[in-house]
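The values are calculated or read from the model by the stated rules, or taken from the named source; none is laboratory data. As the structure is a prediction and not an experimental result, all values here were calculated from the model. FYI the Cβ positions are ideal-geometry reconstructions off the backbone, even for glycines, and counts take in every protein chain you see.
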Amino acid sequence: MNQQVTTESAAACPHCGAMDQKQGANCLGCGRFIASAVPEWVQGRRRQGLFGRQGLIFMTQNKWLFIVLSILVIGAFTWHNFRVVPNPVTLLTTRPSSDLSSLSAPGQWAMTGGDFERTRHVENPPALPQGRLLWSTEPDLVKGISVPVVADGTLYVGSHFEFLALDAGTGDIRWSRDMPGLVNSSPAVAGDKVYVGATDTKVWAFDKLTGETRWTFETNNYISSSPLISNGFLFIGSGDHYMYALDAETGGKLWDFRTADLVTSPPALHNGVLYFTSQDDSLYSVNYRTGEGRMQFRTRGLGAFDPPVVANGLVYMPSGSGILTSKAGIREVPGRWQREKLWRTMWLRWGAPIPRPPAQQGTVWRFSPEGSRFVAAAPAVTEEAFYIGDSAGNLYARDATDHKKEIWTFKAPGGIASSPIVAGETIYFGTTDGVMHAVDRRTGQELWNLSLGSPITLAQALADGKLFVRTDDGRVHAIG
């Protein structure tokens, strides 16, 4: 009888496998408790899987740590991407009803900047102007800051309480429209329509041949931004702090994106990402199909009416007295700006031992002229260089990705207040003393100049082998 009890009470430890251990007591090998009520067939088997002895029922410190870290990683990934991964529902419900585009065809200038990236670069123009004045309109025909565009032999430009279509070959008025507000927006042409914004808070779509109104869209404040049309989407900013995406065919709203201040500059588009600035001194990038935000790059003193230029993996912006660049295509790390803002505040107040905070995410470099000179416009950008003028009349050619590498500098008598145009091997720009200049792109040597008798402070258009120039006396000129 005693022998039977001893045999029944002796068992192998289910934890470490040590033999001849007593049930209802701690194992002499591993020190763990051996239950006496568990059947022998269970004791001899280690349970596997999620709820076995290796699973969640028998938790260890490492398992808890793994679970907590997994939750944090999944949460951070979701937080980072829920505003930047296109919402599939939005993708299905925000389809425009056309594939209209304002991208300039060869020999045309259908939108300010010439292309979606606003580079003001025409690689292979069919013809180039040689410095001959072809025609000029009467003074005071055009007022405000609207920059002309040219498509299919017609020049379109806004004025105070008027929108005009001129014959690009003669300068004669083809049609005009009385407007209820100032038209400081520069137009864009796509398909059979021309689009523009006005201070009456509306976006207007006109028939480009007759000037008949096709549709209007009303925002909550004035519009000085210029439109961009791609794949049927029309993008334009408003003084109500929003960037809008409209159906270019019907004028219906597809999405909007709110900033902290006025949106008065034209947007740029590259690889499915829309870039635009706001007077809250930020550059924004959003998914062009859905309006979901990707990046907010904060700076100071961004140009109110000049677009960002996207090229060479960079975004070029007039900022302060110079040009600021940030990386294109990146996404903002959630919470990084707030963390670094606190870091910078502490560093400025106490200094050491607090380490110097890093540069803002996306920052690349800043180019500024020496002394009291300043830049007042966006640059023209090619693959090898960017070109920009300053208030003292210096036109700079610098390496496209490294502003410290000087290619050449050309000195004009008058200051430069507008963006140049690069066409083939020639650069065209105007000055505040009323002179248009043509400079060799490779050497910086002047090819010709032409006086127009009034300051040139707005950007020009290039189409059909002609330069179209607005001067401050209200004239429009064609140079061939």
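The figures follow:
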| item | result |
| --- | --- |
| Residue satisfying all of: in the stretch 334-362; under 21 Å from residue 285 (Cα atoms) and at pLDDT 80 or above; surrounded by the most Cβ atoms within 10 Å (Cβ to Cβ) among these | 362 |
| Qualifying residue in the stretch 129-139 (condition: under 23 Å from the mean Cα position of the chain (by Cα), over 18 Å from residue 418 (Cβ atoms) and in a strand (DSSP E or B)) | no |
| Flag if residue 101 is assigned by TED's automatic domain parsing to the domain that holds residue 452 and part of a loop (DSSP other than H, G, I, E, B) | yes |
| Any hit, the stretch 110-117, residues being outside any loop (DSSP other than H, G, I, E, B) and either more than 26 Å from the chain's Cα centre (by Cα) or crowded, with 23+ Cβ neighbours inside 10 Å (or both) | yes |
| Filtered residues of the stretch 449-467 (kept if touching a strand residue (DSSP E or B) at 6+ places or on another chain (Cβ under 6 Å) and either over 18 Å from residue 419 (Cα atoms) or without any contact (Cβ under 8 Å) to a residue 24 or more places away in the chain (or both)) | 451 |
| In the stretch 247-293, the residues that are within 21 Å of residue 311 (Cα to Cα), out of contact with any Ser or Thr (no Cβ under 8 Å at 6 or more places or on another chain) and either buried (at least 23 other Cβ atoms within 10 Å of the Cβ) or basic (Lys, Arg) (or both) | 268, 285, 286 |
| Scope the stretch 182-219; condition hydroxyl-bearing (Ser, Thr, Tyr) and surrounded by 24 or more Cβ atoms within 10 Å (Cβ to Cβ); matching residues | 185, 186, 195 |
| Top-ranked residue of the stretch 230-275 - restricted to ones that are small (Gly, Ala, Ser) and in a strand (DSSP E or B), ranked as nearest to residue 186 (Cα to Cα) | 237 |
| Qualifying position, being under 30 Å from residue 446 (Cα atoms), surrounded by 20 or more Cβ atoms within 10 Å (Cβ to Cβ) and more than 30 Å from the chain's Cα centre (by Cα), among 168, 151 | 168 |
| Check on residue 222, over 15 Å from residue 247 (Cα atoms), crowded, with 19+ Cβ neighbours inside 10 Å, under 29 Å from the mean Cα position of the chain (by Cα) and of a type in the set (Ser, Thr, Tyr) | yes |
| Hits in the stretch 276-293 (condition: in contact with a Lys or Arg (Cβ under 9 Å, 6 or more places away or on another chain) and assigned to a strand (DSSP E or B)) | 282, 283, 284, 285, 286, 287, 293 |
| Residues located in the stretch 317-333, provided they are at pLDDT below 85 and among the aliphatic types (A, V, I, L, M) | 333 |
| Qualifying residue in the stretch 362-381 (condition: in contact with a helix residue (DSSP H, G or I) (Cβ under 8 Å, 6 or more places away or on another chain) and in the same structural domain as residue 460 (by TED's automatic domain parsing)) | no |
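Matching residues to (1) part of a loop (DSSP other than H, G, I, E, B); (2) within 30 Å of residue 144 (Cβ to Cβ); (3) touching a strand residue (DSSP E or B) at 6+ places or on another chain (Cβ under 7 Å):
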residue	(1), (2), (3)
317	no, yes, yes
330	yes, no, yes
341	no, no, no
344	no, no, no
375	yes, yes, yes
388	no, yes, yes
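Matching residues to (1) of a type outside the set (Phe, Trp, Tyr); (2) more than 27 Å from the chain's Cα centre (by Cα); (3) surrounded by fewer than 20 Cβ atoms within 10 Å (Cβ to Cβ); (4) part of a strand (DSSP E or B):
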{"site": "409", "(1), (2), (3), (4)": "yes, yes, yes, yes"}
{"site": "414", "(1), (2), (3), (4)": "yes, yes, yes, no"}
{"site": "417", "(1), (2), (3), (4)": "yes, no, no, no"}
{"site": "433", "(1), (2), (3), (4)": "yes, yes, yes, no"}
{"site": "443", "(1), (2), (3), (4)": "yes, yes, yes, no"}
{"site": "448", "(1), (2), (3), (4)": "no, yes, yes, yes"}
{"site": "454", "(1), (2), (3), (4)": "yes, yes, yes, no"}
{"site": "457", "(1), (2), (3), (4)": "yes, no, yes, no"}
